[in-house]
Amino acid sequence: MKASAFPLRGKVRHYAWGGDAYIPDLLGQPDGDQPWAEYWLGAHPGDPAEVLMDDRWHSLAELIKNDRAHWLGQPTSNRFDELPYLMKVLDVARPLSIQVHPNAAQSASGFARENALGIAGDSPQRNFKDANPKPELALALSTFWLLYGFRPLADGLEQLQRFPSLKQHARLLETEGLQALFERLMRAPADELAAWLAPVLETAGSQTAGISSDPISWISRWRSLHATPGDAVDRGVFGFLLMNLVKLEPGETIFQDANVPHAYLHGQCAEIMANSDNVLRGGLTPKHVDVEALISHIEFVPASEIQDLPPTNLNEFSLARLRGDSARSITGPACGLVLDGQATVGEYTARRGEGFFVRGGQRIIPDISSGGDVLVGSPALSLLEA
């Protein structure tokens, strides 16, 4: 176990919103007959990555559990007692759920409550999979579209006033505010919801489903990809009208703190987050939706500005993208993934689609090939240098 870097193999998640080609092509695997949505690199108990050591693959979570100081290094072990982040690659072919993530106190209490209720850890009805918060940073690997936070009130009013059936909601937003409107929409009976949204869906149905800055085009796209005759009206459609529609170009980032509503719409990105899988969903998904949990965890403040970097006091994670001309060092505990070319990290050379893990306390300057492109996740440097 004296080596400083090891081959790392992640885990694939096949969700209905995933794409068919990007992740299997990256990993050099046959695409099969399932959508490829997420590739996880970390030690979350739900799907821990594996480290190759002594000619055998070992669960990274088990290695850390058995010798935290060795694999995490002392600062990370002392502060978190686990690998504090989870890195992912996502391929979003279809809009996925409007969701929020809980903060630290909410995660701890929610996890304890659902444990006390006896809800199985792998139950689809479970909201809290662990006791950790889930702030996250996304890095666009292609042109990437998402919904992020609520529109400024004037913008929300403008979108609602486009449709006579929604003008009553525009008045509610103007007189009682965002939270009152959101609660009304989320708790409405299905027949009222259908009547309100019928003109919106009719307008969307008359447009060509596409990708543009017009929220109606996204409603049209969502309908073409998800809706079938007889489907219940999804209240998550209101998210396209009330939330900011954001376009990221490759290399741009966006930070999503706890309690900020968001939904990914299209494209590929890398994500790094606190080591959590806690998600509270409110629509645009076949997965478990818990409207009351969503309402109780949302911060009802318009997001007039996009936050592109995490706050400086967030120690759980940092994300770097290293190129062939970069001499930046990697400090463990770090998970890496080669997006293109190859990288020699310590004793190990990883090629496109291959990952590596750098032990805690080890600092390595990688040798990256010309044209090489490497993602690296680690705790924040401020923690590692403590």
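Miscellaneous remarks
- Shape category assigned to the stretch 154-206 from the gyration tensor of Cα positions, a/c cut at 1.5: oblate
- Distance between the stretch 4-45 and the stretch 163-204 - C-alpha centres, whole angstrom: 38
- Largest accessible area first, the residues 172, 294 order themselves as 172, 294 under a 1.4 Å probe with ligands, DNA and RNA left out.
- Once both labels are positioned 7 Å from their Cα atoms along Cα-to-Cβ, the gap between residue 9 and residue 131 label points is 3.2 nm.
- Listed residues 33, 20, 257, most fluctuating in the chain (Gaussian network, C-alpha, under 10 Å): 33
- Here the stretch 1-138 is treated with +1 on each Lys and Arg Cβ and -1 on each Asp and Glu Cβ, and its dipole about the Cα centre works out to around 460 debye.
- Reach of residue 88 by Cα under 25 Å, taken over lysines that are not fewer than 8 positions away in the same chain: 11, 65, 129, 134, 247, 287
- From phi via Karplus (6.51, -1.76, 1.60), per-residue ³J(HN,Hα) for the stretch 79-87 in Hz, x at Gly/Pro: 7, 10, 6, 7, 5, x, 9, 9, 9
- Mean Cβ neighbour count within 10 Å, used as a protection proxy, ranking 146-153, 85-92, 329-336 highest first: 85-92, 329-336, 146-153
- Each residue was assigned an accessible area with a 1.4 Å probe, and for residue 233 the value is about 50 Å².
- Checking [x] 165; [y] 147; [z] 181 against the coordinates, the calculated volume of the Cα convex hull per residue in Å³ falls under label [y].
- For the stretch 1-84: relative contact order, % (alpha-carbon pairs under 8 angstrom, 6 or more apart): 25
- Relative contact order for the stretch 1-151, counting Cα pairs under 8 Å that sit 6 or more residues apart, in percent: 19
- Carbon-plus-sulfur accessible fraction, the chain (probe radius 1.4 Å, protein heavy atoms only): 47%.
- Residue-normalised accessible area of the chain, given per residue in Å² at a 1.4 Å probe: 42
- Residue 363 versus residue 292: modelled label distance in nm, points set 7 Å from Cα along the beta carbon direction: 5.2
- Accessible surface ranking for 107, 318, 1.4 angstrom probe, highest first: 318, 107.
- Most positive-pole-ward Cα, 105, 218, 146, against dipole of the chain from beta carbon charges: 105
- Neighbours of residue 352 by Cβ distance under 15 Å: Lys/Arg scored +1, Asp/Glu scored -1, total 0.
- Our summary gives the chain a relative contact order of 24 percent, counting only alpha carbon pairs under 8 angstrom and 6 or more residues apart.
The values are calculated or read from the model by the stated rules, or taken from the named source; none is laboratory data. Remember, it's a predicted structure, so these values are computed and weren't measured experimentally. With ideal geometry, Cβ positions are generated from the backbone for all residues, glycine too; neighbour counts draw on all protein chains shown. Surface accessibility is based on the protein's heavy atoms, side chains included, excluding ligands, DNA and RNA. Shrake-Rupley method; radii C 1.70, N 1.55, O 1.52, S 1.80 Å.
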